[in-house]
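Visitor: Please read through the structure below; I'll follow up with questions.
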Amino acid sequence: MARRTLSVLAVLALSLLAASVADGRSSKASACGARDYSYAGLQSDSKAHGVGATLVPLHTPTVSAGHVGAWIGVGGVDLGPNGSAEWLQVGFSAFPSDRMSRIYYEVTVPGSDPRYVELDSSVKAGEKHSFKVLEMANRKAWWRIWLDGKPVSPAIHLPGSHDAWYPQAMAESWNGGVRACNSYQYRFSNVTQAHADGGDWRPVTRSVSFHDAGYRFVQTSRIPSSFLATSLDVARPVGTTVPERVRRASANLAALQTLQFTRSRGR
């Protein structure tokens, strides 16, 4: 699982992208699988010391090439010291021929390749797990991964990360370099962020949401922040219609946050 940088093209392009994001439309007019990496999810509009959520794979993903995943995390491809790649994420993944999902975390430190750590290879559809990425109390820029209330990683040093990053919660598909349009449906519930190292968890109340071609972000609750991330070939569960006032929320907020958002998305 990896991230790529989306280039900032021009102020006009950013404005158009922001309007599209806030209006709930695809951020790029292209076919499913045309981009190497496609996303559906949200990014908080405020920096934090951690991010948490409960995730469920509603069905077993269908991956014809590449991979799919659903994760929460912080950092990005050029958000480390001197523009280096640095991030930490945890969630579900699935690969071709998988009949169940996997639980993993991934860490990238400046100057090193991403390190993928698998925690469970047999997660059934409908199985719920709680994830957290949290900066440790009284240890600035040291982080840990939590799964179902327990720490599952060693202390991880991410230089320059203290009070620097915007929490993200998203699903992704990598097309494997062959324009594969992979299928998934994930539920994200109670997306929270830590307002202090070590905790002080509060709901994410202001965020930028987005989805790429072939996938959809469907907000099911504003507070607590909950949503579905789904491919378009999967039927939407009953009771997840997006209210018009939510679907069209905050174009101004999206415009202000697009620059930060684009620096940590995938190309």
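The values are calculated or read from the model by the stated rules, or taken from the named source; none is laboratory data. What you see is a predicted model, and the numbers here were worked out from it, not measured in a lab. Ideal geometry is used to build each Cβ from the backbone, glycine not excepted, and the neighbour counts take in all protein chains shown.
Visitor: Among the numbered criteria (1) in contact with a strand residue (DSSP E or B) (Cβ under 9 Å, 6 or more places away or on another chain); (2) free of Cβ contacts under 8 Å to residues at least 40 places away in the same chain, which single criterion is violated by Lys150?
Guide: Looking at each condition in turn, Lys150 falls short on (1).
Visitor: Of (1) more than 22 Å from Lys140 (Cα to Cα); (2) of a type outside the set (S, T, N, Q); (3) surrounded by fewer than 21 Cβ atoms within 10 Å (Cβ to Cβ), Asp45 satisfies all except one. Which?
Guide: (1) is the only condition that Asp45 fails.
Visitor: Please verify whether Val191 is surrounded by fewer than 17 Cβ atoms within 10 Å (Cβ to Cβ), under 25 Å from Tyr37 (Cα atoms) and out of contact with any Leu (no Cβ under 6 Å at 6 or more places or on another chain), treating the condition exactly as stated.
Guide: no
Visitor: Taking only segment 137-147 into account, find how many residues are surrounded by 19 or more Cβ atoms within 10 Å (Cβ to Cβ), in contact (Cβ under 8 Å) with a residue 40 or more places away in the chain and not aromatic (Phe, Trp, Tyr).
Guide: Adding up the residues that qualify gives 1.
Visitor: For segment 173-220, list the strands (runs of 3 or more DSSP E) that sit wholly inside it and hold at least 1 residues that are of a type in the set (S, T, N, Q) and at pLDDT 95 or above; which are they?
Guide: Hits in segment 173-220: 185-196.
Visitor: Among the candidates Ala213, Ala180, single out the residue that is surrounded by fewer than 22 Cβ atoms within 10 Å (Cβ to Cβ) and over 18 Å from the mean Cα position of the chain (by Cα).
Guide: Of the residues listed, the single one that is surrounded by fewer than 22 Cβ atoms within 10 Å (Cβ to Cβ) and over 18 Å from the mean Cα position of the chain (by Cα) is Ala180.
Visitor: So, one more: Could you figure out which of (1) free of Cβ contacts under 8 Å to residues at least 60 places away in the same chain; (2) under 17 Å from Val123 (Cβ atoms) isn't true of Ile72?
Guide: The number of the failed condition is (1).
Visitor: Could you check Gly66 against (1) buried (at least 18 other Cβ atoms within 10 Å of the Cβ); (2) within 26 Å of Thr220 (Cα to Cα); (3) out of contact with any Asp or Glu (no Cβ under 7 Å at 6 or more places or on another chain); (4) not polar (S, T, N, Q) and say which number it fails?
Guide: Unmet condition: (2).
Visitor: Give just the number: which of (1) of a type in the set (S, T, N, Q); (2) out of contact with any strand residue (DSSP E or B) (no Cβ under 6 Å at 6 or more places or on another chain); (3) closer than 16 Å to Trp71 by Cα does Ser122 not satisfy?
Guide: Here Ser122 clears every test but (3).
Visitor: Determine whether segment 106-125 contains at least one residue that is crowded, with 16+ Cβ neighbours inside 10 Å and among the aromatic types (Phe, Trp, Tyr).
Guide: no
Visitor: Mind checking whether some residue in segment 165-180 is out of contact with any strand residue (DSSP E or B) (no Cβ under 7 Å at 6 or more places or on another chain) and without any contact (Cβ under 8 Å) to a residue 24 or more places away in the chain?
Guide: no
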